[in-house]
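Notes to accompany the following structure.
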Amino acid sequence: MDRMSILAIEIFFLGLLALASLSIAWVSGLVLFKLYRGQR
């Protein structure tokens with residue numbers, strides 16, 4: 001393993017983590033929005 005492949009793996013996993021957290025935040029925001037609209 002040279003330095004570039006390790007860097008590529010790090011960037012890949014960071015992107016994956018960011019994508020996962022973004023999708024989780026989006027889904028929870030959507031659920032909260034629907035709950036809020038359902039109450040009124």
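Every number in this text was worked out from the coordinates using simple rules, so none of it is lab data. Because the structure is predicted, anything quoted here is derived from the model rather than measured.
Once the chain from Ala18 to Asp2 is taken as fully extended at 0.36 nm per residue, the excess over their C-alpha distance is 3.3 nm.
Give me the angle, in degrees from 0 to 90, between the Cα long axis of helix 3-39 and the longest principal axis of the Cα atoms of the chain, rounded to the nearest 10. With both axes taken from Cα atoms, the answer is about 0 degrees. A helix-only calculation puts the chain at -34000 deg cm²/dmol for mean residue ellipticity at 222 nm, using -39500 (n - 2.57) for each DSSP H run of at least four residues, averaged over all residues. Shape call for the chain from the C-alpha gyration tensor, a ≥ b ≥ c root eigenvalues: rounded (a/c under 1.5), prolate (a/b greater than b/c) or oblate? Because a/c hits 1.5 or more and a/b exceeds b/c, the chain counts as prolate.
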